[in-house]
Amino acid sequence: MKIICIGRNYSEHISELNNEKPVDPVIFLKPDTAVLLKKQPFFIPEFSQDVHYEVELLVRINKVGKYIQEKFAHKYYQEIGLGIDFTARDLQQKLKEKGLPWEKAKGFDGSAVIGEKWLNKNSLDNLNNINFSLFKNNKPVQKGNTKDMLWKTDEIISYVSQFFTLKIGDIIFTGTPHGVGRVETNDQLTGLIEEQQIFSIQVK
Ligand code: ZN
């Protein structure tokens, strides 16, 4: 199982990090060891003083595919989920400045929260108009809507499948909206799709 992440997919998030708007989707991977195990808290790693939450909508691949055309991409997933792409922002910034890969800042153990609850896409009216949000200690910190994605899910699947064969169980993180921020010990992070709670995790 692999985790494919899309960077810079919401323009307001691109602005908040002073990044340039990309010509093509920004893609990076997390190893399977990045998945935060069920019911476990997230431990802030020792190598970072500035770990950020990034809430993101997820899709789970349910069919093997390569060179998937955009018009057929909808056949390759049935479920929509929600997760967090934890990012060691201080380390990522250093790596970015040197033009080096981001993996240490993005792929460390526990950095991929995958909500235990998945929604059948048929239960959602319009995949290009899904509200999702992240609450920190019961206060809203991120609100997103899929209509603001620069690349929609089907375009992402088509694009990434040119480079990586998609396999059953692979998960795509589709990018974060604005409002990312630092986590502190004892924070409680709760993610919702529309009004439904998808995950709630503790930071240690
Ligand atoms: Zn992200």
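The values are calculated or read from the model by the stated rules, or taken from the named source; none is laboratory data. Remember, it's a predicted structure, so these values are computed and weren't measured experimentally. Cβ: placed from backbone, ideal geometry, glycine included. Neighbour counts: every protein chain shown. Keep in mind that these areas ignore ligands, DNA and RNA; they rest on the heavy atoms of the full protein, side chains included. Shrake-Rupley method; radii C 1.70, N 1.55, O 1.52, S 1.80 Å.
Which residues, taken from region 148-204, are more than 16 Å from the ligand (Cβ to nearest atom), open to solvent by less than 10 Å² (accessible area, probe 1.4 Å) and hydrophobic (A, V, I, L, M, F, W, C)?
ILE157, LEU166, ILE193, ILE198, VAL203
Please go through region 79-102 and pick out each residue that is more than 17 Å from LEU17 (Cβ to Cβ) and either part of a strand (DSSP E or B) or small (Gly, Ala, Ser) (or both).
GLU79, ILE80, GLY81, LEU82, GLY83
Quick one: which of PHE135, PHE72 is open to solvent by 10 Å² or more (accessible area, probe 1.4 Å), outside any loop (DSSP other than H, G, I, E, B), away from the ligand (no atom under 13 Å from the Cβ) and under 14 Å from ILE201 (Cα atoms)?
After ruling out the rest, the residue left standing is PHE135.
Please specify each residue of region 1-16 satisfying the condition of being within 23 Å of VAL64 (Cα to Cα) and either open to solvent by 30 Å² or more (accessible area, probe 1.4 Å) or in contact with a Gly (Cβ under 6 Å, 6 or more places away or on another chain) (or both). Outline the logic, then answer.
If we filter region 1-16 for residues that are within 23 Å of VAL64 (Cα to Cα), which is where we start, we get 1-6.
The answer is MET1, LYS2, ILE6.
Looking only at region 17-36, filter to residues that are open to solvent by 40 Å² or more (accessible area, probe 1.4 Å), modelled with pLDDT under 95 and of a type outside the set (Lys, Arg); which one of those is nearest to the ligand (Cβ to nearest atom)?
LEU17
Kindly indicate which of SER200, SER158 is farther than 18 Å from PHE42 by Cβ and of a type in the set (Ser, Thr, Tyr). Outline the logic, then answer.
On the way: SER200 fails: farther than 18 Å from PHE42 by Cβ.
Sole residue among the options that is farther than 18 Å from PHE42 by Cβ and of a type in the set (Ser, Thr, Tyr): SER158.
Here's a check for you: in region 46-69, which residue that is assigned to a strand (DSSP E or B) and more than 16 Å from the ligand (Cβ to nearest atom) is most open to solvent (accessible area, probe 1.4 Å)?
ARG60
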